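Everything below concerns the one structure shown next.
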Amino acid sequence: MLKIYNSLTKQKESFEPLDQNHIKYYSCGPTVYNRIHIGNARAFICADLLAKVLKGIYPKVTYVSNITDIDDKIIEAAKEEKVSIKDISNKYFNIYLEDLESLGINKPDLQPFATDYINEMIDYIEKLIDSNNAYIHEGNVLFDTTKFKNYGCLSGRNLDEQKAGERVNLETYKRNVNDFTLWKPSNNGEPGWESPWGFGRPGWHLECSVMSELTLNIPFDIHGGGNDLKFPHHDNEIAQTCAYHGSSEPQDFARYWFHNGFLNLDNEKMSKSLGNVVYLEDLLDVYDGNQIRLALLSTHYRQPIPWNKTLLEQAKTVSKKINKFTKDLNLTPKFNVDTLIAQDLLDDLNTPKAIATIQKLIQSPSNNIESELETFQYIFEGSKHKVRLDDNKISEIEKLIKERDIARKNGNYDQADEIRDKLTKMNVIIEDINGKTVWKI
Ligand SMILES: [Zn+2]
């Protein structure tokens, strides 16, 4: 019934669950050290989209998404804020939950924390060493990628090609260029745990192999994450899990691999180093949660989203049109399989087609319109978040910014400063970036 693109076989397939009565799905979750930006939000919304469709058609679904609460970035953030790593991860975990809610993303059924599984990870590493799949070097334990013959099968990377090209950069203790850290020493007051290889902490890739197996058992149905996780993260997960169980078949770990595309700002990949990160909390000032949700789902999950204001404005218009139509109806959001909207979604989660379908339907409603709208609401409208600023206030702010730009262009700096003060009094923070003025509340 459900067709889904499998990144492992690189084709759209009919989804055949291992057990029709219980679907098991794991998706890589956040490293909790920072507020989420709109690119993160896309990954979480795509993961939620699949979970919602699965829950719409199967009686029981267990959706697991891990929380990485030990990582170099967290250690760095803790140092900067002069607090413990637990303080950082707790703080940003709670913010992450709020952000999910604001976009109508349901909480995953299980959210295992990496630091709750340290003993299990140590046992796992010991078995990998005993079976000759991992080796020790001065407090480090590394996975030997040449021991897994299908290494790179998900991303399609060729191991030999990489070796030849990248050997120059080989760290001295690595036997092969792709070998990755299972355990590393913690020095100079860094947080860590006692282990047979000394005081240290696990490498990032390990937690997903350990926690997915302990929460879902293997093989499970679907493993997901952003496209950027295919290599090395997911290829490493496959290698560890298969090596641990003496298998060479990636499908002994997870049957289907589900990956979402990037989010590009004005056709440029969003990244901190480019200074073009858009934080969700800023967008929530000016758009309803459901409008942002609709904008994020207006592109098919596998395609890159060209993220810009026009996309958000279009989503806002569509959302208002639908709300106007539904406001007097008594609807219960649910997945009605016999609707056109459901059929669009069952075909590899074709959200842009479903959005087009609902717009056609409200123009010339069929008898089944309520059932269609319920399905639409179930997928596209889970958020209760309302915009923090109304349209009038936004136009007022934008008008003042325009006046300030003109004043500056004409050399009227006193007037420009006056306008800036006025904006500050309205709690608007403005910043001049690359000749453009951006603002937030
Ligand atoms: Zn993972």
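Are there strands (runs of 3 or more DSSP E) fully within the range 1-65 with at least 1 residues that are under 24 Å from Q303 (Cα atoms), within 16 Å of the ligand (Cβ to nearest atom) and not aliphatic (A, V, I, L, M)? List them. Explain how you work it out, then say what you get.
Details: elements: 3-6, 11-14, 23-27, 61-65.
So the answer is 23-27, 61-65.
Can you find a residue in the range 97-108 that is within 18 Å of the chain's Cα centre (by Cα) and within 15 Å of the ligand (Cβ to nearest atom)? Break it down into steps so the answer makes sense when it comes.
Our first condition is that a residue be within 18 Å of the chain's Cα centre (by Cα); within the range 97-108, this holds for 97-108.
With the extra rule that they be within 15 Å of the ligand (Cβ to nearest atom), the set shrinks to 108.
Within the range 97-108 (the criterion being within 18 Å of the chain's Cα centre (by Cα) and within 15 Å of the ligand (Cβ to nearest atom)), the answer is yes, since at least one residue qualifies.
Among the listed residues V387, V438, identify the single one that is at pLDDT below 90, under 28 Å from the mean Cα position of the chain (by Cα) and part of a loop (DSSP other than H, G, I, E, B).
Values: V438 fails: part of a loop (DSSP other than H, G, I, E, B).
Matching residue, one of V387, V438: V387.
Going through A407, A354 one at a time, which residue ends up being over 34 Å from the mean Cα position of the chain (by Cα) and either buried (at least 18 other Cβ atoms within 10 Å of the Cβ) or of a type in the set (D, E) (or both)? Even if it seems obvious, please write down each step before you answer.
Details: A354 fails: over 34 Å from the mean Cα position of the chain (by Cα).
Criteria check complete, one pass: A407.
Under 8 Å between Cβ atoms, at least 6 apart or on separate chains: pull out the pairs that start in the range 215-242 with a residue that is of a type outside the set (A, V, I, L, M, F, W, C) and end on any residue that is surrounded by fewer than 19 Cβ atoms within 10 Å (Cβ to Cβ) and assigned to a strand (DSSP E or B).
Short answer, once both residue conditions are applied: T215/T62; T215/L110.
Out of R293, R201, which single residue is in contact with a Gly (Cβ under 8 Å, 6 or more places away or on another chain), of a type in the set (D, E, K, R) and either surrounded by fewer than 16 Cβ atoms within 10 Å (Cβ to Cβ) or closer than 20 Å to I38 by Cα (or both)?
R293
Being modelled with pLDDT under 95 and either in contact with an Asp or Glu (Cβ under 9 Å, 6 or more places away or on another chain) or assigned by TED's automatic domain parsing to the domain that holds A315 (or both) narrows it down to one residue among T172, T146; which is it? Lay out the reasoning, then the answer.
On the way: T172 fails: either in contact with an Asp or Glu (Cβ under 9 Å, 6 or more places away or on another chain) or assigned by TED's automatic domain parsing to the domain that holds A315 (or both).
Testing whether each residue is modelled with pLDDT under 95 and either in contact with an Asp or Glu (Cβ under 9 Å, 6 or more places away or on another chain) or assigned by TED's automatic domain parsing to the domain that holds A315 (or both) leaves just T146.
Taking the range 186-211 as the region of interest, how many residues are closer than 20 Å to I74 by Cα and within 16 Å of the ligand (Cβ to nearest atom)?
Number of matching residues: 8.
Among the listed residues N410, N350, which satisfies the condition of being over 19 Å from S298 (Cα atoms) and out of contact with any strand residue (DSSP E or B) (no Cβ under 7 Å at 6 or more places or on another chain)?
Being over 19 Å from S298 (Cα atoms) and out of contact with any strand residue (DSSP E or B) (no Cβ under 7 Å at 6 or more places or on another chain) holds for just one of N410, N350, which is N410.
The values are calculated or read from the model by the stated rules, or taken from the named source; none is laboratory data. This one's a predicted model, so the numbers in the text were calculated from it and none came from an experiment. Note that we place each Cβ from the backbone using ideal geometry, even for glycine, and neighbour counts take in every protein chain shown.
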